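Chemist: For reference, the structure I am asking about is given below.
The values are calculated or read from the model by the stated rules, or taken from the named source; none is laboratory data. Quantities reported herein were computed from a predicted structural model and do not represent experimental measurements. Positions of Cβ are backbone-derived with ideal geometry, glycine not excepted, and every protein chain shown enters the neighbour counts. Just the protein is used for accessible areas: all its heavy atoms, side chains included, with ligands, DNA and RNA removed. Shrake-Rupley method; radii C 1.70, N 1.55, O 1.52, S 1.80 Å.
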Amino acid sequence: MAKPGPHGKDKQRCGALVRHRHGFCRKWPVPGKERCRFHGGRSTGALTEEGRARSHAAMRAGRQRWLEEMRAKKAAGEIERFPGGRKSGARWVTSRMREERAVATIQARSLSPSPRRDRPSMNDLLRQAKARIAELRVQLLERN
């Protein structure tokens, strides 16, 4: 069956993630909206300025409670860091990001010359270092 949602073939369905079937909601959305009545299609949100202010105050208070709870857990040593944000390491990199990075590296390699030609050899580096050491010795002897 086609996957509903913004990226699937069945774009006109609700497409909200559902937990009990491990898939997407296949109900029709409310007219003029993108979600069905069960997943927020009928919600208008706060309509008055007073209602919006109450809503924002409740969100800020909830965030403050969460921060205080996380700070207390961190101080008690229950957690190492706050949950949320990007996953550590390569787990947060998506396949699209990998493809874009691969394309960019291929383009960069095709446009720039090989780095081996521009780098001096190990013998050249050793020769330069020995010459610099000899110069510094002469300068040191001239000071004394």
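Chemist: Assuming 0.36 nm per residue, please report the length gained on full extension of the stretch Glu50 to Leu136 beyond their Cα-Cα distance. Numbers along the way, then the final one.
Modeler: Values: separation 86, 0.36 × 86 = 30.96 nm, distance 7.64 nm.
Extending this stretch completely gives an extra 23.3 nm.
Chemist: May I pose another question? For the chain, which whole percent of the accessible surface, found with a 1.4 angstrom probe, sits on carbon and sulfur atoms? Before the final figure, lay out each step's value.
Modeler: On the way: 7030 of 13150 Å².
That fraction is 53 percent.
Chemist: May I ask you to order 21-28, 50-57 by the average number of other C-beta atoms within 10 Å around their residues, highest value first?
Modeler: Details: 21-28: 14.4, 50-57: 11.0.
Result, highest mean first: 21-28, 50-57.
Chemist: Hey, another quick one. Normalise the Cα radius of gyration of the stretch 27-144 by 2.2 N^0.38 Å (N = residues in it) and let me know the number.
Modeler: Details: Rg = 31.2 Å, N = 118, 2.2 N^0.38 = 13.5 Å.
This ratio for the stretch 27-144 stands at 2.31.
Chemist: Now for a different question. Hey, can you grab everything whose amide H is under 5 Å from the amide H of Phe24? Only 5+ residues off in sequence or another chain; H modelled, so Pro and N-termini drop out.
Modeler: Under 5 Å from the amide H of Phe24 lie the amide H atoms of Val18, each far enough along the sequence or on another chain.
Chemist: What list of ³J(HN,Hα) values in whole Hz, one per residue of the stretch 72-78 in order, does the Karplus curve 6.51 cos²θ - 1.76 cosθ + 1.60 (θ = phi - 60°) give from phi, with Gly and Pro shown as x?
Modeler: Running phi through 6.51 cos²θ - 1.76 cosθ + 1.60 with θ = phi - 60° gives 5, 5, 5, 5, 7, x, 6 Hz.
Chemist: Taking amide H positions as placed in the peptide plane 1.01 Å from N, state which residues far from Val30 in sequence (5 or more) or on other chains have amide H under 5 Å from it.
Modeler: Amide H neighbours of Val30: Arg35, Cys36, Arg37.
Chemist: Report the extension gain between Arg63 and Arg86 in nm, rounded to one decimal, defined as 0.36 nm multiplied by the number of residues separating them, less their alpha carbon distance.
Modeler: Numbers: separation 23, 0.36 × 23 = 8.28 nm, distance 1.85 nm.
Gain in length upon complete extension: 6.4 nm.
Chemist: Given charges of +1 on the Cβ of Lys and Arg and -1 on the Cβ of Asp and Glu, with all other atoms neutral, how large is the dipole of the chain about its Cα centre, in debye to the nearest 20?
Modeler: Numbers: 36 positive and 14 negative charges, 135 e Å.
That gives a dipole near 640 debye.
Chemist: A follow-up question, please. Which whole-Hz ³J(HN,Hα) couplings does the stretch 129-143 yield from phi under the Karplus relation 6.51 cos²θ - 1.76 cosθ + 1.60, θ = phi - 60°, glycine and proline marked x?
Modeler: For the stretch 129-143, the Karplus curve yields 5, 5, 5, 5, 4, 5, 4, 5, 5, 5, 4, 5, 5, 5, 5 Hz.
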